[in-house]
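The values are calculated or read from the model by the stated rules, or taken from the named source; none is laboratory data. On a predicted model such as this, the values are computed, not experimentally measured, just so you know. Neighbour counts are summed over all protein chains in view; Cβ atoms, including those assigned to glycine, are modelled from backbone coordinates with ideal geometry.
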Amino acid sequence: MADETNNVTTEDDVTPETPEAPETATATEEPEAEESALQQTVSVKDSGPACKELTIEVSEESIANRIEESYDQLATDATIPGFRRGYAPRKLIERRFGSSVKDDVRARLISESYSKAIEDEGLDVIGEPDVKNFDEIELPETGTLSYVVEVEVSPAVDVPAFDTFEVEEEAFEVTDEDVAKEIDSMADRYGDMASIGDGEVQEKDFVQAHVNIYAGKDAGDDAEEIGHHHGVYILVNGEKADYKGHVAGIVVEELGKKLAGKKVTDEVRVSMTGPESHEDDKIKGQDITIVIKIEDIQRVKPVDMDKLTTMLGVESEDDLKTRIKEDLQQRREREQQSKKHDQLREQLLEKIDFELPEKIAGRQIARNLQNQAMQFAYQGMKEDEIEAKLADIRSENEEQARKDLRLFFILDRIAKDNEIEVTPEEINGRIYMMAMMRQTRPEKLRQQMQQSGEIESLYMNIREQKTLDKILEGAKVKTK
């Protein structure tokens, strides 16, 4: 019987490294071999609202081709002691790298076949694919590679003709009274904040406080503490804002009334139910008690007209009034456009119905909050007003969140059908406008937005507005 060890190739049995042949003038690099086309079969079936299940089967020939291509590349690139690059025997390469080659080919085939299947089937995938039992998928010695992947896709949306939409707009005029109110507001904004000592809290004051949040209704200080915040500033709102206040991102009803008349060292206790959308499970939908311990009361002393005109770089009070009137005119126009957009949003939801994919709701809610923040900033709201609005939005119920998600898909479909895109110039222009409203440098604001990931939200916000403007071009508009 022949000795089986005679058929085993070892490193000592193979041809050792030989001197390299000298280069000649005619030597040229061989072009890289093109990757062979992937052969596969795909079956698609519905697996839920806006969800597809794909069964992908890669042919045995494609598997063999990818393995061969990997070994060919290794034969060229692999460095093995005792052998010149490109001259190591194939069997040695297979023995050394076989396991990693199979893992690499398996991952590549899944990635390539998935991408090809999505493209061939024309699926508009959203979110990440869910490859079933990914860790159990193995590259077969013979036969095909088969696996199942589930994906969420953009739902089918049928958009009616734009002339079926009808919106109303209100005629408006910027009055001298409007200008005077804006000047008073600016005088407060540029005024100096000062502690009032032993005075009592009034509307528009800022209360600096230490805030504790306890679990339970009418909880005492011995209850479980689920949150505490030092140096919190609370704006005391009046009737215009329904006396609502915002404490640690939580909307507190009639907080302005509860704080009015209080002094430093006084304590205000509020028993309430935490908002359903709060990120902390101990607060979300739970009975809580918020304890506000007043540490300081600060009030704004408005600047006088001379100082205000100097700070704003205008020559006189009349120039300031003219400038403010122009700004208010532009702001009202944007507000009017925003109201027409709101009417369109309502009608789009009424006219278009479809089922939503379930898994992306949470991600979309977060994007919606950023989008709303961009919209409020564009309307000229100050940062504290934006935070207050976002706190209100967090209190909305799940039904509203689903409406927002449906609206996103509707507008996305219309934008794609009408090839609506956003240019870099439009993004830069919006950043410039927001920077002017916030009284900061555009380049500084852009840097902040890039660091916080808000540029994408700004892009989507502009795209949505352009899409709604496109609908308005064909809609019926009535002035009342």
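Miscellaneous remarks
Residues checked against (1) under 22 Å from residue 220 (Cα atoms); (2) assigned to a strand (DSSP E or B):
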site	(1), (2)
237	no, no
246	yes, yes
258	yes, no
262	yes, no
265	yes, no
268	yes, yes
271	yes, yes
277	no, no
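- Residue within region 275-290 that is in contact (Cβ under 8 Å) with a residue 40 or more places away in the chain, in contact with a Leu (Cβ under 7 Å, 6 or more places away or on another chain) and either over 30 Å from residue 158 (Cβ atoms) or loosely packed, with under 15 Cβ neighbours inside 10 Å (or both) present: no
- Within region 262-318, being within 21 Å of residue 237 (Cβ to Cβ) and touching a Pro at 6+ places or on another chain (Cβ under 8 Å) holds for no residue.
Residue by residue, here is whether (1) in the same structural domain as residue 343 (by TED's automatic domain parsing); (2) touching a Ser or Thr at 6+ places or on another chain (Cβ under 7 Å); (3) closer than 30 Å to residue 163 by Cβ holds:
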position: 402; (1), (2), (3): yes, no, yes
position: 410; (1), (2), (3): yes, no, yes
position: 414; (1), (2), (3): yes, yes, yes
position: 420; (1), (2), (3): yes, yes, yes
position: 455; (1), (2), (3): yes, no, no
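- Number of positions in region 82-92 that are surrounded by fewer than 18 Cβ atoms within 10 Å (Cβ to Cβ) and either touching a residue at least 40 places away in the same chain (Cβ under 8 Å) or in a helix (DSSP H, G or I) (or both): 6
- Residues of region 146-172 that are assigned to a loop (DSSP other than H, G, I, E, B) and either at pLDDT 95 or above or closer than 19 Å to residue 346 by Cβ (or both): 157, 158, 159, 160, 161, 165, 170.
- Some residue of region 158-168 being in the same structural domain as residue 348 (by TED's automatic domain parsing), surrounded by 15 or more Cβ atoms within 10 Å (Cβ to Cβ), among the aliphatic types (A, V, I, L, M) and touching a strand residue (DSSP E or B) at 6+ places or on another chain (Cβ under 8 Å): yes
- Criterion violated by residue 142 - all others in (1) among the polar types (S, T, N, Q); (2) in contact with a helix residue (DSSP H, G or I) (Cβ under 8 Å, 6 or more places away or on another chain); (3) without any contact (Cβ under 8 Å) to a residue 40 or more places away in the chain satisfied: (3)
- The condition of being at pLDDT below 90, surrounded by fewer than 17 Cβ atoms within 10 Å (Cβ to Cβ) and more than 28 Å from residue 355 (Cα to Cα) holds for only one of 98, 127, 143, that being 98.
- Flag for residue 293 being over 33 Å from the mean Cα position of the chain (by Cα) and charged (D, E, K, R): yes
- Restricting attention to region 404-444, the residues that are under 23 Å from residue 353 (Cα atoms), part of a helix (DSSP H, G or I) and touching a residue at least 40 places away in the same chain (Cβ under 8 Å) total 13.
- Filtered residues of region 441-462 (kept if surrounded by fewer than 17 Cβ atoms within 10 Å (Cβ to Cβ) and either at pLDDT 95 or above or within 16 Å of residue 408 (Cβ to Cβ) (or both)): 456
- Test for residue 204: is it assigned to a helix (DSSP H, G or I) and closer than 26 Å to residue 393 by Cα: no
- Restricting 112, 57 to residues that are among the acidic types (Asp, Glu), in a helix (DSSP H, G or I) and touching a Leu at 6+ places or on another chain (Cβ under 8 Å) narrows the list to 112.
- Leading residue by the ranking (farthest from residue 118 (Cα to Cα)) among those in region 49-74 that are of a type in the set (Gly, Ala, Ser) and surrounded by 17 or more Cβ atoms within 10 Å (Cβ to Cβ): 70
- Each residue in region 330-356 was checked for being at pLDDT 95 or above and either over 26 Å from residue 404 (Cβ atoms) or of a type in the set (Phe, Trp, Tyr) (or both), and 0 of them qualify.
- Long-range neighbours under 9 Å by Cβ, at least six apart or interchain, first residue within 27 Å of residue 262 (Cβ to Cβ) within region 295-317, second of a type in the set (S, T, N, Q) and outside any loop (DSSP other than H, G, I, E, B): 295/208; 296/195; 296/208; 297/195; 297/208; 298/195; 298/208; 299/195
- Residue 270 vs. criteria buried (at least 18 other Cβ atoms within 10 Å of the Cβ) and out of contact with any Asp or Glu (no Cβ under 9 Å at 6 or more places or on another chain): no
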